[in-house]
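Peer 1: The structure under discussion is supplied below as structure tokens; questions concerning it will follow.
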Amino acid sequence: MEGRDSEALQNYEEALRIHRESGDLRSVAIVLGNIGSLLGAASRPDEARRYLAEAWEIQKQTGYKNLEINLRISLASVEVLEGNHAEARRLLEASLEIAREIGSPSAEDAVQDALRRLDELTGG
């Protein structure tokens, strides 16, 4: 990872340290998800999965649904990197259902966008 991505990773790691020290689980999970997303975008799926899995465990404790949606979108991106398109679609469809349940048009739009990108990739 180089340049701005490397700098972003360093900043996220510092934020993660601060939030862990303060005990703010929701912020810890958000930062872990951001790191996982960044690593996934950098084609580092194994590392991305580790961060996303930890964020997922914390998210289950906090019940923060918007974070769950974002984590599912990030996990779907990792699945796409690894050629697991059916799993990516399953994650995104579950995200869409959650977005509708909580009444979040912005989350629904983000999921729809991810589904469109997946359809373009797979010819679906």
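The values are calculated or read from the model by the stated rules, or taken from the named source; none is laboratory data. A quick note: this is a predicted structure, and the numbers were derived from the prediction, not measured. Heads up, the Cβs are rebuilt from the backbone with ideal geometry, glycines too, and the neighbour counts pull from every protein chain shown. Side chains are part of the model used for accessible areas, which takes the heavy atoms of the whole protein and leaves out ligands, DNA and RNA. Shrake-Rupley method; radii C 1.70, N 1.55, O 1.52, S 1.80 Å.
Peer 1: So what is the relative contact order of the chain, in percent, for Cα pairs below 8 Å that sit 6 or more residues apart?
Peer 2: 18
Peer 1: When the chain is treated as a GNM, springs tying every alpha-carbon pair under 10 Å, which of Glu108, Glu14, Glu79 comes out with the largest mean-square fluctuation?
Peer 2: It is Glu14.
Peer 1: Tell me, what % of the accessible area of the chain is carbon and sulfur with a 1.4 angstrom probe?
Peer 2: Summing carbon and sulfur atoms, their accessible area is 45 percent of the total for the chain.
Peer 1: On to the next question. Helix 65-81 against the longest principal axis of the chain: what's the angle in degrees, Cα atoms only, rounded to the nearest 10?
Peer 2: Once rounded, one gets 70 degrees.
Peer 1: Using 0.36 nm per residue of separation minus the Cα-Cα distance, give me the extension gain between Arg20 and Glu57 in nm, one decimal.
Peer 2: 11.9 nm
Peer 1: Please determine, in degrees from 0 to 90 and to the nearest 10, the orientation of helix 25-41 with respect to the longest principal axis defined by the Cα atoms of the chain, where the helix direction is its Cα long axis.
Peer 2: 60
Peer 1: Would you mind counting up the charge near Pro45? Only other residues with Cβ under 9 Å from its Cβ, with Lys and Arg at +1 and Asp and Glu at -1.
Peer 2: -2
Peer 1: Set the Förster distance to 41 Å, then compute FRET efficiency between Ile102 and Glu2 from the Cβ-Cβ distance, nearest 0.05.
Peer 2: Working from the Cβ atoms, E equals 0.65.
Peer 1: Using alpha carbons only, how many angstrom separate the centre of segment 17-67 from the centre of segment 69-100?
Peer 2: Cα centroid of segment 17-67 versus Cα centroid of segment 69-100: 16 Å apart.
Peer 1: For the chain, find the longest principal axis of its Cα atoms and tell me its angle to the long axis of helix 3-22, 0 to 90°, nearest 10.
Peer 2: Long axis of 3-22 versus the principal axis of the chain: about 60 degrees.
Peer 1: Classify segment 1-64 as rounded, prolate or oblate from the Cα gyration tensor: take a ≥ b ≥ c as the square roots of its eigenvalues, call it rounded if a/c is under 1.5, otherwise prolate when a/b beats b/c and oblate if not.
Peer 2: Here segment 1-64 falls in the oblate category.
Peer 1: Rounded, prolate or oblate: which fits the chain, taking a ≥ b ≥ c as square roots of the Cα gyration tensor eigenvalues, rounded meaning a/c under 1.5, else prolate when a/b beats b/c?
Peer 2: oblate
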